Amino acid sequence: MKLVTVSQMRELDKRTINEYGVPGYVLMDRAGKGATGHILDFVGNLHQRHIRRFVILTGRGNNGGDGYVVAGELSSRTSIEVIILATCQPDKMGEDAAKHAQRVCGKVACQVRENISSSDFRQGDIIIDALLGVGVTGKPHSPYEQWIEQVNKLSLPVIALDIPSGLNGDDGSAPGACIIADMTITMGLPKKGLFLHKALDYCGRLRLVDIGIPKTYIAKIPEKPAAYFSKDVAKYLGRVPTQFHKKNCGYISVIGGSKDYYGAPFLAATAAMRTGAGLTRVIIPDSITTFPNFPAALIINRLSTNEEGYLCPASLDQIWKLMTKNNALVIGPGIGRHPDTAVFLGRLLKQVEIPVVIDADALYLIAQYPDKCFVCKNHILTPHPGEMERLLQTFCPESKQKNRIEQAATLSQKISAIIVLKGNKSIIASPDGRVLINSSGCPALATAGSGDCLTGIIAALAATTSNVFEATAVAVFIHGLVGELAPFGTRGLIADDLPDYIPQAIKNISPLG
């Protein structure tokens, strides 16, 4: 999904209204109705005692108009109480917003306020921010600053419409007070500012509403960078042919583990199986004597090691016959950092032509021994920020001061591999210059082993396509959505839980299952 500046979005709206003939009132109606669906999905994951009332905060602009549409929709589609706290009377709003406000105010309780206080809210309130929208370029002025600061003091769920009030839609800066949202529902096309700088602290989960901007108008927007949303992923997850068998679904091997870390490769392999891999095997050193619980369908092979229990060049003698039918490979989870393992890794990578997902200790070895470890275009590196810093120091230290998007793009081109820079709004970069920013995910994924699961998902999807970059982006989105779907909230999820929710995430995205 292409990213736009605020001015580009305004121009798209203007052309849709003036040239394509869709009234602004209708665009606003589409925005509010689409947002309502995402709001209901969000609250559906909350405990019932935390859903007592919707409180919509509206300003005088089009963002406020969206808020009035949402208020009307929530009132008609649920039995939950809805109240609007407005900064101005409807007749002080723009024409389209005023029409929606006048239509809704007769059905929904509406109070015009100069200021708000903690006494206006209670436990069980869901706050919907429709105060300022994308028009802010500096500090919010009165009364908005006071409203924003008051909302941020409350321990209540907050959903922002289009953009958190106070955030700059172009550069992601927040020079003054800014709403801290748990979810942001952006309209039309995602704004660049949602993915830059301070935005990562304020936006929470991201959702997108299609308001019907003509594709011919969108086609003129530059391609790079772009954001990846559910709609983009759905194009990839098409129908599974009824004549499919396990070979069509891909054969995966996961190479990893050591005497100290034995669980990581099993997590990656289980995630690959749950993503749809036809056959998955774990290849581990014979120094591993303790095994975690794992699916009975998982194949386990063990390799000889050096005297210290780590994979080494001698391990290669046994490995080739195990990988003759492989379509993708994972290497690195729990594998250790022994110099002999670096030689093993380097020789393996030089001879493997299928997609290889490289993670964890294998990333350390590549950065530490770049002369031994060869990387090519079919390889996918999945560093977290600490691993990324080490890779940058080795391959392009001049990029350490750049932003995350530039770092991933530079490293990808430097070493001719796909880079997944993990974190809030992960970056996926290709050597040909394509860059995508993932929109899914939540803090629940900040747990040991989460990245191992991601490697398995990537491998399973990369095994069945020639478009490895797109498969990687789809996998990153699915992994993020799994974190959002897990019923534990943002606390208490462990990596062992993640594979079980992968099929549900895929089913939620694709109408074909």
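Laboratory data are not the source of any read-out in this text; all were calculated from the coordinates shown. Keep in mind that what you see is a predicted model, and the values were worked out from it rather than measured. Backbone-built Cβ (ideal geometry, glycine too); neighbour counts: all protein chains shown.
Shape of region 241-325 from its Cα gyration tensor (a ≥ b ≥ c, root eigenvalues): rounded if a/c is under 1.5, otherwise prolate when a/b > b/c, or oblate? Oblate shape, in that a/c is at least 1.5 and b/c is the bigger or equal ratio.
Highest mean first, how do 115-127, 288-300 rank when packing is the count of other Cβ atoms within 10 Å averaged over residues?
The most tightly packed comes first, giving 115-127, 288-300.
Neighbour counts of other Cβ atoms within 10 Å put SER466, SER253, SER450 in the fewest-to-most order SER466, SER450, SER253. Ranked by how many other Cβ atoms sit within 10 Å of their own Cβ, fewest first, the residues CYS110, CYS178 fall in the order CYS110, CYS178.
Of the chymotrypsin sites (Phe, Trp or Tyr not before Pro) in region 1-61, which ones lie in a loop per DSSP and count no more than 14 other C-beta atoms within 10 Å? Loop-located and lightly packed - TYR20. Highest mean first, the peptides 259-267, 237-245, 221-229 sorted by other C-beta atoms within 10 Å per residue fall in the order 259-267, 221-229, 237-245. The peptide list 162-168, 417-423, put in order of mean Cβ contacts within 10 Å with the highest first, becomes 162-168, 417-423.
Using the crude model of +1 on Lys and Arg Cβ and -1 on Asp and Glu Cβ, and no other charge, please compute the dipole size for the chain relative to its Cα centre, in debye to 20. Intermediate values should be presented prior to the final figure.
Values: 53 positive and 46 negative charges, 186 e Å.
Dipole about the Cα centre, nearest 20: 900 debye.
With a threshold of 20 Å on the Cα-Cα distance, the over-threshold entries among LYS139/LYS198; LYS192/LYS400; LYS139/LYS422 are LYS192/LYS400; LYS139/LYS422.
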